[in-house]
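The values are calculated or read from the model by the stated rules, or taken from the named source; none is laboratory data. Because the structure is predicted, anything quoted here is derived from the model rather than measured. Note: ideal-geometry Cβ built from the backbone for every residue, glycine included; neighbour counts use all protein chains shown. Surface areas here come from the heavy atoms of the whole protein model, side chains and all, with no ligands, DNA or RNA. Shrake-Rupley method; radii C 1.70, N 1.55, O 1.52, S 1.80 Å.
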Amino acid sequence: MSEAPILKDTTRSSGREALQKNIQAAMALSEAIRSTLGPKGLDKLLIDDEGRTLVTNDGVTVLETAKVEHPVAKMMINASSTQDRIAKDGTTSTVILAGELLQNAWQLILQGIHPSTIARGYRKSEQYILECLPQIILESDEEIRKNVVKTSLAGKGYNSMQEVIASVSLEAVKMVAETNHSVDVSKIKLISQTGGKVEDSRVFRGLMLPKKRISSEMEKELVNGKILLVDGGLEKKNVSTDLKLNVTSVGILESFRQEERKLLFEQVDKMIEHGVTVFACRESIDDDVKNYLTKVGIQAFRRVSRSDLNMLARVCGARLVNSIQASSKNDVGDYNISKNVTIDGKDFWVVEGNGRAATIVAKGSTVDIVGEVERCFDDSLGVSVQLVEDGMVVCGGGASYVALARRLRRYAETIPGREQLAIEAYADAIEVIVRVLAENAGIDPISTLLDVVAEQTNTDSDQIGIDLTTGKPENMVKLGILEPQGIIKQALVGATEVAISILRIDDVLWAKQEMAIPDLPEDDM
Ligand code: ADP
Ligand code: MG
């Protein structure tokens, strides 16, 4: 049968050839970021189209910045981005796990095992692992939680920097946590400041914006009052663009301007009517009303971004309105404190209301450092949220993966047929984390893995992982190398998902030309 006309300009690869190419692409990607895993992982220098540079150790940042075109590589990047969204960490691990699952699958395919048998075996493995996970979970206390956040920053920055970022993140998350422990991380604002040391980064209760009231004659600090937020301005109309006037005498223009001023003042009167004492808007505030606002005791802020106005609205229970004229009493919110403070020579506006909020001021000596500090906060806040919401942790340093692999091998023995081989391949694959952690620390990966497995078996402990400073197996609880269970769980689920999806593709249709496969280190396949 001839090909349908729709496929005329299409390059097609199918069956084993398609699978091989796809697996190659996926593995090339995981090879590319392998060297960044763990505390001894190296950094990548990224350069974009415009020559801007970024030094980072963060898997998802590397992948999202790289211009990868291969559709399968994109699937891997999506898995990493999903991991970032759901668990905020473990992005490199997810891609490495998926790469290894696919490599092991390819070895089985070469032995004549069908991809769908492997997919079934992988799915069974995933389910079994999720059942086993509660057996290796530990409950956390304050000290453990701090260690968990520090572990998530492994390889980023130095010890005292990790220490500060960990405590600041946990404190911020606790400030916004509801009584049922649920956390909305968007209630935490992160502002970065160049100058000063990373260790000077701090968290403040409430919302803090790098803003000053429009006149220093306005009240500096107000308590318990009403706030109005406007997604517009308090300005005169621009005569030249908005209106066409036929000016026939000097008096007309002047009376027009007076009318305009009157309208401005009326808007302020409307605020007074609502009992408003703090006013903030996205656009400008006309100089003509500045004195009037000061006189009537309104503290005013202009050019506040829409996202900041939205945050203010949530903190104060206000509704963002389009104009003052259109506002009603119901749109007005309540603040507990609205004050201007100066920190290290910079002006800030601090607002506290009944809605929870926290602001982190992240510091660093250069723009590059502040950028990396911000990304660290991103990660550590995500991890802190999981800890405050759930609090369940597992051992890092590859210990949990080995513990799960040991259980999986015992389980494999109970599964008849070829799926058993797939389950064993899955168990081998998840041990990759220990191997790569060792590899990146310049330690022999195979003997390290064997040592860790032997030590877990001999001591019947799930807590033995790799101590990268000595290269020896060690108890991870003792070393404080711990992770939220959600990270490992999501990394395994995400990696399995993408590996199975790739195994299921047996036909690839490319419009016009064949996509380039990213470079793969030689003699890998
Ligand atoms: P990911 O993007 O997957 O989070 P990371 O580069 O952050 O990658 O590395 C995380 C891995 O490093 C985890 O498996 C974690 O347990 C491990 N790890 C972190 N700190 C240490 C340490 N001090 N010793 C051994 N393993 C560590
Ligand atoms: Mg990490």
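Brief remarks on what is shown
- Computed packing ranks the peptides 281-293, 72-84, 157-169 as 72-84, 157-169, 281-293, most packed first, by mean other Cβ atoms within 10 Å.
- For the stretch 265-343 versus the stretch 390-461, the gap between their alpha-carbon centres in whole angstrom: 58
- Helix 399-412 axis, angle to the chain major axis (alpha carbon atoms, nearest 10°): 50
- Fully extending the segment from E199 to E142 would add 18.5 nm, taking 0.36 nm per residue of separation and subtracting the current Cα-Cα distance.
- Computed with every protein chain present, the accessible area of R418 is close to 130 Å² [probe 1.4 Å].
- The angle between the Cα long axis of helix 419-430 and the main principal axis of the chain comes to about 50°, on a 0 to 90 degree scale.
- Ellipticity estimate at 222 nm from DSSP helix runs (n ≥ 4, -39,500 (n - 2.57)) divided over the chain, nearest 500: -16000 deg cm²/dmol
- For the stretch 52-138: Kirkwood Rh in Å [reciprocal of mean 1/r, alpha carbons]: 15.0
- The candidates K346, K197, K339, arranged from most to least accessible area with a 1.4 Å probe in the full protein assembly, appear as K197, K346, K339.
- Rounded FRET efficiency, nearest 0.05, which uses the C-beta distance separating V55 from N354 and R0 of 45 Å: 0.60
- Percent of beta bridges antiparallel (DSSP, the chain, rounded to nearest 5): 70
- Charged-residue dipole, Cβ positions (Lys, Arg, Asp, Glu), the chain about Cα centre, Debye nearest 20: 1500
- Averaged per residue, the chain has 46 square angstrom of accessible surface, using a 1.4 angstrom probe with ligands and nucleic acids left out.
- Spin-label pair F256-L45: with each label point 7 Å from Cα along the Cα-Cβ axis, the two points sit 6.0 nm from one another.
- In summary, the chain shows an alpha-carbon radius of gyration equal to 1.23 times the 2.2 N^0.38 Å reference for compact globular proteins.
- The chain: angle of helix 445-459 to the longest principal axis, Cα-based, in degrees nearest 10: 90
- Lysines with Cα under 30 Å of K124, excluding same-chain neighbours fewer than 8 positions away: K21, K74, K88, K489
- Cross-link partners for K472 among the aspartates and glutamates, with Cα-Cα distance under 12 Å and sequence neighbours closer than 8 places in the same chain left out: D444, D451, E455.
- The stretch 189-340: C-alpha gyration tensor shape, a/c 1.5 cut-off, then a/b vs b/c: prolate
- More than 18 Å apart - percent of Cα-Cα pairs taken over the stretch 73-114: 36
- Per-q log10 I(q)/I(0), the stretch 159-233, q = 0.24 Å⁻¹ (Debye; single scatterer per alpha-carbon; no solvent): -1.21
- Whole-percent carbon and sulfur share, accessible surface of the stretch 413-472, 1.4 Å: 50
- Estimated at 0.36 nm per residue, the fully extended path between E17 and E283 surpasses their Cα-Cα distance by 89.9 nm.
- Surface share of carbon and sulfur [accessible, 1.4 angstrom probe, percent] for the stretch 5-145: 50
- Three-way shape call for the stretch 349-394 based on the alpha-carbon gyration tensor, with the a/c threshold at 1.5: oblate
- In nm, spacing of pseudo-spin labels at Q107 and V223 (7 Å Cα→C-beta vector): 6.9
- Kirkwood Rh in Å, taken over the stretch 258-365 so that all alpha-carbon pairs contribute: 15.1
- Largest-first principal axis extents, alpha carbons of the stretch 90-147, Å: 51, 24, 12
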